[in-house]
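Q: Can you read through this structure? Questions will come right after.
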Amino acid sequence: MEFALRGLWQWVLWLIAALILAYLVRLELRRPNRRQLALRLLASAVALLSLALLCLEPMYRQPVRVSDAFLLTSGSDAKQVQHAADSLHPACIFALPHAPLTDTLDNLERLPNVAMLLRRYPHVRRVHIFGDGLRPDELESLSHLQLVLHLAPLPDGPVAVSYPHRIALGEPLRVQGTWHASRRDSLWLYLDVNGEHCDSLSLVGESQLPFELNAVPRQPGKWLYTFCALRTARDTAFAGTIPIQVVPPQPIHVLILESAPNFETRTLKQWASITGNALVIRSMVSREKFFTEFLNTTPFALERLTPSILEKVDVVIIDLQTLVRLSASEQAALRQAVEAGLGLLIALPDAPAVRQLREHDFFLGFFTAVPESRQGRFVRPQGFSLRHSSSTALPIAPLRLRGNFGTEILMQDEAGQPLVLSSTRGLGKVAVSIVQETFRWALEGQRELYADYWSHALKCLARPNLDTDLWTHSLLPTVDLPCHFTLRTSPAMPIAVVELPSGVCDTLFFRQHPIEPTRWESTLWPREPGWHQVQRIGTADSTSVAFYVHSSQEEWSSLRRALMHQATQAFAHLHPHDSVHVSMVQTYEPISPWWFFVLFVMAAAYLWAERKF
Amino acid sequence: MAVSFALALLLLVSYFLDLPILHAAWMWIALSVVGFFLLYLFCKHRLATPEKIAEHLNRTAPQWEESAQLLLKPAAELSLLEAKQLQRLRAQPLHAEMLLPNPFVSALKLSVASIVCAVLTLWLSYILRLEVPHATQALPSSHTAVLLPTITRFDVELVPPRYTQRERITSSSLDLRTFEHSQATWTLELSQPVRAARLIFNHDDTIYFPAEGLMRQASTTLSRSGFYFLEVETEHGIERSNYYKISLARDEPPTISLLEPHQRTEVDLMRHSRLTVVARIHDDFAVRESKVQAVLAQGKGENIRFKKFFFPFDFIHRGQHTKTLDLLALGLKPGDELYLTVEAKDNREPQPNPARSETVLITTKDTAEVETDFSMSLPVAAQPDYFRSQRQIIIDTEKLLRERRMLSPAAFQARSEALGVDQKVLRLRYGKFLGEEFESAIGGTPMEEIEQSLAPKDSTPHPLLKFIRHVHDENCGHLSKASLAALEKNPNETTVEKLMSQFVHTHDTEEGATFYSDAIKAQLKAALAEMWDAELYLRMHKPEEALPYELKALKLLKDLQQNSRLYVQRMGFEPPPLKPDEKRLTGKLDKVSSRTDSQTVVSQDEFATVREALAVISNLRSGQELVSGNALQHLTQGARALARAAESDPLRYLDALQALRQFLDAAEQQGRAPLVYLQPIERAFWSLLPEPEPQPKRRDLPVPALAKSYFQHFGYTR
């Protein structure tokens, strides 16, 4: 026997009942007329007990036979279900709202959602899932059931797509994914914005076809790109929206230290300063005499490198000669700054001497440079640009670089030999470069290539933004479907505000990740389609992040179906219940309150009638 | 009935009161139904009294015989006659129910008709309401000329230039599509006097209509593509029309293709002195002038003279122009060159378009010219193939030795002999470097014999003979044959001259005539000596013995080559090596001070207005309803940029410009405007913007404290 009312309240109720019973017994005993005393006492007790049980709602235990159930989800095939039903004879067949209607199955029952299955049919232990499967949030409620999958074949269309949600102006929007074609197909994929094609790709083949499309948004703001696929017969095979938030890039601070004025620096200065970046250039003109230039920043003393100076900059570009000539304290400051996140790019004119390598192991210890006899080698650096332009070859220092374990190649030549190598030092990075005279590109008018090269190099090396909030959300937020948010931020107990397209604001509360203290998670149920803004309370408006809520589940349906496939398979893989062989389970059924009511009425009626006669 | 009429009136009134038709129609239906029932309730008793029915029966049916009222009278009150008449009536078959009109039938019909009308109105209004969004979505295109209210007629007459021979066009479509330099005349008919009317081209060029009358005309010559619009200044303000496109077709210059002669033609003047030039010339309209230009180049070297001639074509047939040139009459001589070009001009006015064909080169061969022979100063460079090198001689010797068994002795000897001759020729060649070029008798073999052996069957002299025998001519200046013979007789004999040569200083000796140093000369001599020996054994038909000498000679020659290759004369001043690392930065620099420069670079974004306008549009499209003054200002500035773009590419941008202007007009008047306009505008602004170049930026990397300490220990652990 179990009671619906549990815990402290149950005991309080019992206590009250006992007190009342004691009072009633006392009244009965003190009554002069002692006729039918035993019966009266019994009636009082029964009345009180039935009253108490009315409040406590007792349940009785009932063993139930475990049974199989079929769960039909969207995309399930009626014929397949019928075949399976003929061989397995399931106790019941449930269909979710999106499942196609099948009239041939006799014991079919429609369910509004998956949670209802467990609430209503607790004896179901093994569920055969037909169709595309379930969403992750639906699967969570099936965690103690054994799942047997009879999934439908993958739909035709994009089954995996990845694209950034937020990029800086000048960065490409790169849409990568896989197109699934069940039979040989020939398609044109397009990436459009405002009705204009940005990129196109011809896909021919079958099964899994990878694709990549690129576009560079031209203006900061929130834009909706369209990813569409046209068959050769001019019919649209697919169209989906790709939302992208483009933010203006934050300028960086660059410090250039050089042993002599350099044309390379001059070109870099012209390019970087015009885009608003702050540059400080110190070139040695003679012994302890410097020409210092401050662009887009307030001047400060720069005779000696100090930690306070290095705190202000994001990247330091230095040549080997200057680096070697730095005093011990300056080197220590530089080292400390690099460990705290600063990026350092060292230009190598020739192979550093062994002594230098030993002394400056922190800066130079991650590579070996072999001098090469061939002077004046010209190469075409690669690995930094999407453009397929025929770049002019650049001269490089007569060296052959080889990185040690854990180094990263930022640029390489046509033969795959590293030209720029970088290594992690604390939070920052140290890189060496043997590329010389990139200004040739700028002078030849290949400005885009020059910009690609230097923005890639500086982006890789620049001091990372450690204090920002990093928002991520689940793929394809949709109206009336849960959208999971992850926020990485350092303050404790963050609260965020979501602004809906209609201007209504909603508060988002977070749950801390059990292992990572700076990771916070939350779930939002979007109600309106369109652009939403989310922002942590206590931060500036510029840090708010936009996300787009799709209006219906029909959009990107093939991707959604493929994701459900994956989620269901992964879930079934993670929750194997093969070892559990239980044929009977215990359930609790509530006892109808009418019984207690009738008992109470009878007892009370006896007590009333006994006085009259 | 009256009620229904009232309802219809109500509907009309409601329409004019600007009540939604939908509501009015519903009201109409409701009132029709209610009115009918009210009529029924209130008029039921009044309409159908027994007296009235009797009267009606009397009036409509003659068989009642005007006695229907008798039925109403009580039987007691009836007179005898009346009773009789009543009996007669009762005997007749009378169908009163058929004759009795139901007054409600007509009311019912009217009500139903009214309801049907109302439903129809409802349906119509529903359809209209459905069509309204369609109407706003389809942008008013500039093809359909939307006239201003004050204008009753506005059309344009286009007169293409005379030379095109096209007819004038009068059209009410104001998008102009015609030829360059067409005369356009706009006719404007006004319904009321206005202050001024003008046409504005590309936002900068204005033409005014003359200020009198209601019928006005203005004309101009169209020389630039772009767009224009009409502006009418009335008392109430300025009204502007839509934008109209002007696209002008340019008259292209003629295209000339030369069919004959070919790009480079060589003519034989003796056979054909006539040359036919055929060209196909095509133009959009007509070719007014065509001619052949011939440039004659005569002379040689620096003394070349050019003469230019022009000829008209002889006859022209279907664009094929033909001209026959008499080359001899032109003065073409063997060795001269003639450059032919076809020029043409079309009939464009005011300036014709000129065109030129490619140039054709006609050459004549000068057969009289003698080919200059190579001189003796360049024997090696001129005819290197006639020699056998030392290495070849060695190879041939080895081959001869290998094939010895298969050869007859005579053939073997002949080949050995021939190899000896080759060896001699080679020796002579190298001997020339030592000044030994006058040696004629070699190894005791008479010169004539060698000549004979080398002489082939035909009459032409063997080229090798040039090297074997020095052919004398009159002014050679060499020794006489007698002295030569003396030398030939005994070349190795120590003569008196040779003895004396050690003591006297002689100029112009054979050995001193070369530039080589003594060491090289000595080595060369040694090689020659080896060659001598090799030749000796080859001529003795002992190639196996000759082989070591040949090999030695080759080795010496190769050494010589290597030595001469390495030898470089060093001239001039040799500076001491620089030591920049030691010297640099060691001077006194007390008076030199460091320099600091500071500046702020602001880049001017030429697309700033477009960017701002695009941002405004994207804000408006995302749901901002009211157009603020600031937004209007940005959009107006964007319109200017769009107008500039439309000037060069009206087909692409004019519709967007039109939409933007309509949007701005609507926004200025009402404070809000339909957002449908913004779609083409946004597209146009987007395509105006350039692709941004990548910029450096900082990565976002929120690192927790644990990861931070991990990173700090990860990269560098020493």
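The values are calculated or read from the model by the stated rules, or taken from the named source; none is laboratory data. Just so we're clear, the structure is a prediction, and the values are computed from it rather than from any experiment. Cβ sites come from the backbone with ideal geometry, for glycine too, and all protein chains shown count toward neighbours. These area figures cover heavy atoms from the full protein model, side chains too; ligands, DNA and RNA do not enter into them. Shrake-Rupley method; radii C 1.70, N 1.55, O 1.52, S 1.80 Å.
Q: If you scan region A:458-490, which residues turn out to be at the interface with another protein chain (Cβ under 8 Å from one of its Cβ atoms), farther than 21 Å from A:SER544 by Cβ and either open to solvent by less than 10 Å² (accessible area, probe 1.4 Å) or not in a loop (DSSP other than H, G, I, E, B) (or both)?
A: A:LEU458, A:LYS459, A:ALA462
Q: Name the residues in region A:308-346 that are open to solvent by 20 Å² or more (accessible area, probe 1.4 Å), more than 26 Å from A:ARG400 (Cβ to Cβ) and not in a loop (DSSP other than H, G, I, E, B), would you?
A: Within region A:308-346, A:SER308, A:GLU311, A:LYS312, A:ALA328, A:SER329, A:GLN331, A:ALA332, A:ARG335, A:GLN336, A:GLU339 qualify.
Q: Here's another thing I want to ask about it. For B:SER241, are the conditions met, namely being surrounded by 15 or more Cβ atoms within 10 Å (Cβ to Cβ), in contact with a Phe, Trp or Tyr (Cβ under 7 Å, 6 or more places away or on another chain) and over 30 Å from B:THR164 (Cα atoms)?
A: yes
Q: Residue by residue through region A:256-289, note down the ones that are among the hydrophobic types (A, V, I, L, M, F, W, C), buried (at least 18 other Cβ atoms within 10 Å of the Cβ) and within 10 Å of chain B (Cβ to nearest Cβ).
A: Selection gives A:TRP271, A:ALA272, A:ALA278, A:LEU279, A:VAL280, A:ILE281, A:MET284.
Q: From the list B:THR178, B:THR185, exactly one residue is assigned to a strand (DSSP E or B) and open to solvent by 20 Å² or more (accessible area, probe 1.4 Å). Which is it?
A: From the options B:THR178, B:THR185, the qualifying one is B:THR185.
Q: Need the failing condition index for A:GLY426 against (1) buried (at least 20 other Cβ atoms within 10 Å of the Cβ); (2) over 18 Å from A:PRO349 (Cα atoms); (3) out of contact with any His (no Cβ under 9 Å at 6 or more places or on another chain), just the number.
A: (3)
Q: Next question. Scan region A:448-466 and give yes if some residue there is over 23 Å from A:THR275 (Cα atoms) and polar (S, T, N, Q), otherwise no.
A: The answer is no; no qualifying residue exists.
Q: Restricting attention to region B:199-235, which residues are hydrophobic (A, V, I, L, M, F, W, C), free of Cβ contacts under 8 Å to residues at least 24 places away in the same chain and not in a strand (DSSP E or B)?
A: If the condition is that a residue be hydrophobic (A, V, I, L, M, F, W, C), free of Cβ contacts under 8 Å to residues at least 24 places away in the same chain and not in a strand (DSSP E or B), then B:PHE209, B:ALA211 are the ones that fit.
Q: Further, regarding this structure: Tell me which residues, restricted to region A:347-359, are out of contact with any Pro (no Cβ under 8 Å at 6 or more places or on another chain) and open to solvent by less than 60 Å² (accessible area, probe 1.4 Å).
A: A:ALA347, A:LEU348, A:PRO352, A:ALA353, A:GLN356, A:LEU357
Q: Further, regarding this structure: Checking the conditions here, which among A:PRO398, A:PRO299 is surrounded by fewer than 17 Cβ atoms within 10 Å (Cβ to Cβ) and in contact with a strand residue (DSSP E or B) (Cβ under 7 Å, 6 or more places away or on another chain)?
A: A:PRO299
Q: Which of the residues belonging to region A:491-506 are open to solvent by 70 Å² or more (accessible area, probe 1.4 Å), more than 14 Å from chain B (Cβ to nearest Cβ) and more than 22 Å from B:VAL703 (Cβ to Cβ)?
A: Correct list: A:CYS505 only.
Q: Still on this structure, please answer the following. Before we move on, is B:GLU530 without any contact (Cβ under 8 Å) to a residue 60 or more places away in the chain, crowded, with 18+ Cβ neighbours inside 10 Å and either out of contact with any Leu (no Cβ under 9 Å at 6 or more places or on another chain) or within 13 Å of B:GLN390 (Cα to Cα) (or both)?
A: When the stated conditions are applied, B:GLU530 passes them.
Q: Any residue in region A:509-517 that is hydrophobic (A, V, I, L, M, F, W, C), within 12 Å of chain B (Cβ to nearest Cβ) and closer than 25 Å to B:PRO704 by Cα?
A: Yes, region A:509-517 has at least one match.
Q: Checking B:ARG198 against (1) closer than 23 Å to B:SER357 by Cβ; (2) at pLDDT 80 or above, which single condition isn't satisfied?
A: (1)
Q: Count, please, the residues in region B:109-125 that happen to be loosely packed, with under 12 Cβ neighbours inside 10 Å and over 60 Å from the mean Cα position of the chain (by Cα).
A: Residues flagged as loosely packed, with under 12 Cβ neighbours inside 10 Å and over 60 Å from the mean Cα position of the chain (by Cα) within region B:109-125 amount to 1.
Q: Being open to solvent by 40 Å² or more (accessible area, probe 1.4 Å) and in contact (Cβ under 8 Å) with a residue 12 or more places away in the chain is the filter here; which residues of region A:434-446 pass it?
A: Correct list: A:GLN436, A:GLU437, A:ARG440, A:LEU443, A:GLU444, A:GLN446.
Q: Report those strands (runs of 3 or more DSSP E) wholly inside region A:159-255 carrying at least 2 residues which are more than 14 Å from chain B (Cβ to nearest Cβ).
A: Those strands (runs of 3 or more DSSP E) span A:173-193, A:196-215, A:221-231, A:236-247.
Q: Right, another one. Identify, by number, the condition in (1) more than 16 Å from B:SER389 (Cα to Cα); (2) open to solvent by less than 50 Å² (accessible area, probe 1.4 Å); (3) modelled with pLDDT of 90 or more that B:LEU547 doesn't meet.
A: B:LEU547 satisfies all of (1) more than 16 Å from B:SER389 (Cα to Cα); (2) open to solvent by less than 50 Å² (accessible area, probe 1.4 Å); (3) modelled with pLDDT of 90 or more except (1).
Q: When you look at A:PRO97, is it part of a loop (DSSP other than H, G, I, E, B), out of contact with any strand residue (DSSP E or B) (no Cβ under 8 Å at 6 or more places or on another chain) and either aromatic (Phe, Trp, Tyr) or open to solvent by 60 Å² or more (accessible area, probe 1.4 Å) (or both), yes or no?
A: No; evaluated as a whole, the condition is false for this residue.
Q: Identify, by number, the condition in (1) in contact with a helix residue (DSSP H, G or I) (Cβ under 8 Å, 6 or more places away or on another chain); (2) within 22 Å of A:LEU320 (Cβ to Cβ); (3) surrounded by fewer than 23 Cβ atoms within 10 Å (Cβ to Cβ) that A:ALA431 doesn't meet.
A: Of the numbered conditions (1) in contact with a helix residue (DSSP H, G or I) (Cβ under 8 Å, 6 or more places away or on another chain); (2) within 22 Å of A:LEU320 (Cβ to Cβ); (3) surrounded by fewer than 23 Cβ atoms within 10 Å (Cβ to Cβ), the odd one out for A:ALA431 is (3).
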